[in-house]
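The structure appears below as structure tokens.
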Amino acid sequence: RLVAVVLGLEGAVLVDADVGGLLVREPGEVGLEVGQVEGRHLLVELLGEDVELCVERVGAFNHVNCSTGFHKLGLLVRNGRQEHQGAAEWAAQSEMVTGAVRALTRHSLTLLNHFRPIQIGSILGAHVKLSIAPDARLLEGLMQLSKAQLPHFTARSTANVLWGLARLRASIPAGLREGLLRHATATMPLFKAMEISPFLVALALLQIQPPAELVEALMHRIVETADTFKSQEVANTFWSLGSLQIQPPPEVYELLTRRLAMVIEGCDEQMISNTLHAFANLKHYPDPELQKAFLERMAAIQTTFTPQGITISMWAIASLDAELKEGMSWLLSAQAHRVIKNFTPLGVSMTMWAYGKMEIHPGDRIIDAFVQHILGIVGEMRAQHCAMVMWGLARLDLRMDFELESAMTGRVLAILDQFSDLDVPNSLWALAKMGLSDQDEIVAALMQRIPDVAATLTVQGMTNTLWALAKLDSDSQVLPALIDRLLEVDVKDFNGQAVANALWALSNLHVEEGDAEERLKVKLIAGLREKMDELTPQHIANSLWALSMLNVDPDDAIWRQLSNQIIAKIADFDSWSVANTLNAFRILDVRPNETLMAALDS
């Protein structure tokens, strides 16, 4: 009989991959070509209804039958998964499928030299669907065959073979890898959108940085074909560029985002979350119209968002500081409450981090649900997860209740040696902001960890630790070492927040004023001058207070410079910042000039 050949875009098979510290789903798979099969051999019934008969007849298959057999098995397995068959029925079918794969593999090894590029891609793609690693001999043979047949590869074959090898996490020989890249560069004018997208996905999964000439060819071809991209192809392309940190030219951004707005109705929650993640990775800020389109699509498919999709989207929205972040986070929070029991420790911690970063309180109901879930999974949490949860709560001006603090203390003590040079300062900063003291067990434990990570602390880590120690009213023995390390750092490596935090800390620390402390004060004031434009109202108010406590001369030019910043940014000052600013001048016993006073009065 003639075989029914399945072509086109199929539903996504989701595979977890750790990208940039965040769990991100790989883009959905792309339809694979399947060769025609001779009528006297096969096979809709053989693979659709009677896998055992396929095993018996496999010796009569030719090379095209074998590749199609693998492909049909892949579809059978994937469709079986999607139909959620009963465990016993599925286990029996899986056993038959495994037998058929073994039989096809044995016979394919005898026909290896007959396979053509289209069949190579089909066999690799089928193994992706089957979630089965190919037999080592078969995989090696297919890769050798690919290298030999490269001149005959079409654009589709190039994309499918590289995509299949990438999804199977195969170790690709350098000769084949470089040959595929050269061939892709030479044949790029023949690539269509449905080939550009999986090719880029493969590069991203394999973390292959393409040579400049290939990037140029890809960008040129995207410009030529942008109006043919489907929603999944746009999403996959952005995801790949973000993963590879390839900044596309403005023209590519404009064409692809315009196309995205046109096809966004076809985007599912995975495409939405992966595209947002890509924008955050590339620091590309979508315009308000595209944000609105995202918001409307997210509202339409709200109940389909998985915990992973929620986590990815929340991280991206927070990183982008999107204008419509409140609406987006509200939609995602409502869905998070429905699926909270399925959140992993990473998902919980990233979502709490995002709330803190955006300073958006999702409401007591959502927070309480997350806290209850954390209590159930705290034993699975890593140091980074604990630090992010505490940091997020602190940013929202929330304190852990007795039950959560007890659970978190127990977990921190159990994995204390896992806390890194990022986790320690972030955790201490959060606990200090929550109002804990150095007498609390969790704080005392983390302070003991400071000497172990001090040598590798970043500037932000050092200043956060210094701020925390000052807030905790601690006279820790690590203070002199921290001050010495800060003296070694170039002023240009500080940002405005780090300067303001360190200056405030220095004015509150229990240290005897000596040469090192004086030199650090001079250095931080110089940094304040250099980073003046980066200061927020809170930084300005804290810096003024610190300068007054450090007895900086009222005639020093730094006061006039900060006064000018206040006047320029007065619209952003809240009542707390205004009060702290006035208090700093009160301590100095200096009245602000008339212009500044008028601005503060307003």
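The values are calculated or read from the model by the stated rules, or taken from the named source; none is laboratory data. Bear in mind the structure is a predicted one, so any value in this text is a computation, not a measurement. Please note: Cβ atoms are built from the backbone with ideal geometry, for glycine as well, and neighbour counts cover all protein chains shown. In case anyone asks, the SASA skips ligands and DNA or RNA and just uses the protein heavy atoms, side chains included. Shrake-Rupley method; radii C 1.70, N 1.55, O 1.52, S 1.80 Å.
A few comments on the model shown:
- Candidates ALA526, ALA571, ALA546, ALA541, filtered to the one that is farther than 14 Å from ASN501 by Cβ, within 38 Å of the chain's Cα centre (by Cα) and either in contact (Cβ under 8 Å) with a residue 24 or more places away in the chain or not in a helix (DSSP H, G or I) (or both): ALA526
- Members of segment 504-516 that are open to solvent by 30 Å² or more (accessible area, probe 1.4 Å), in contact (Cβ under 8 Å) with a residue 24 or more places away in the chain and over 23 Å from VAL590 (Cβ atoms): HIS510, VAL511
- In the set (1) open to solvent by 30 Å² or more (accessible area, probe 1.4 Å); (2) at pLDDT below 80; (3) under 24 Å from LEU506 (Cβ atoms); (4) not aliphatic (A, V, I, L, M), the condition left unmet by PHE585 is number (1).
- Search result, residues across segment 145-156 that are part of a helix (DSSP H, G or I) and either in contact with an Asp or Glu (Cβ under 8 Å, 6 or more places away or on another chain) or not small (Gly, Ala, Ser) (or both): LEU145, LYS147, GLN149, LEU150, PRO151, HIS152, ALA155, ARG156
- Any chance THR303 is hydroxyl-bearing (Ser, Thr, Tyr) and open to solvent by 20 Å² or more (accessible area, probe 1.4 Å): yes
Let's see how each residue does on (1) within 19 Å of LEU472 (Cα to Cα); (2) at pLDDT 95 or above; (3) buried (at least 19 other Cβ atoms within 10 Å of the Cβ); (4) over 21 Å from the mean Cα position of the chain (by Cα):
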site: VAL371; (1), (2), (3), (4): no, yes, yes, yes
site: GLY376; (1), (2), (3), (4): no, yes, no, yes
site: ARG399; (1), (2), (3), (4): yes, yes, no, yes
site: ILE415; (1), (2), (3), (4): no, yes, no, yes
site: GLN418; (1), (2), (3), (4): no, yes, no, yes
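- Within segment 353-365, the presence of at least one residue that is under 21 Å from the mean Cα position of the chain (by Cα), part of a helix (DSSP H, G or I) and within 18 Å of VAL412 (Cβ to Cβ) is confirmed.
- When residues of segment 381-397 are limited to those that are part of a loop (DSSP other than H, G, I, E, B) and of a type in the set (D, E, K, R), the one most open to solvent (accessible area, probe 1.4 Å): ARG382
- Any hit, segment 129-144, residues being open to solvent by 10 Å² or more (accessible area, probe 1.4 Å), of a type outside the set (Asp, Glu), in a helix (DSSP H, G or I) and within 16 Å of HIS183 (Cα to Cα): yes
- Qualifying residue in segment 320-342 (condition: in contact with a Cys (Cβ under 9 Å, 6 or more places away or on another chain) and among the β-branched types (Val, Ile, Thr)): no
- Residues of segment 102-127 classified as part of a helix (DSSP H, G or I) and open to solvent by less than 10 Å² (accessible area, probe 1.4 Å), total: 11
- Pair list, Cβ < 6 Å and 6+ apart or interchain, from segment 325-339 residues that are within 9 Å of GLN302 (Cβ to Cβ) and part of a helix (DSSP H, G or I) to residues that are at pLDDT 95 or above and not polar (S, T, N, Q): LEU331/MET298; LEU331/ALA299; LEU332/ILE310; LEU332/MET314; GLN335/PHE305
- Index of the failed condition, ALA133 passing every other in (1) more than 33 Å from the chain's Cα centre (by Cα); (2) among the aliphatic types (A, V, I, L, M); (3) modelled with pLDDT of 85 or more: (1)
- Residue among LEU256, LEU241 that alone is touching a Leu at 6+ places or on another chain (Cβ under 8 Å), within 18 Å of ASN281 (Cβ to Cβ) and open to solvent by less than 30 Å² (accessible area, probe 1.4 Å): LEU241
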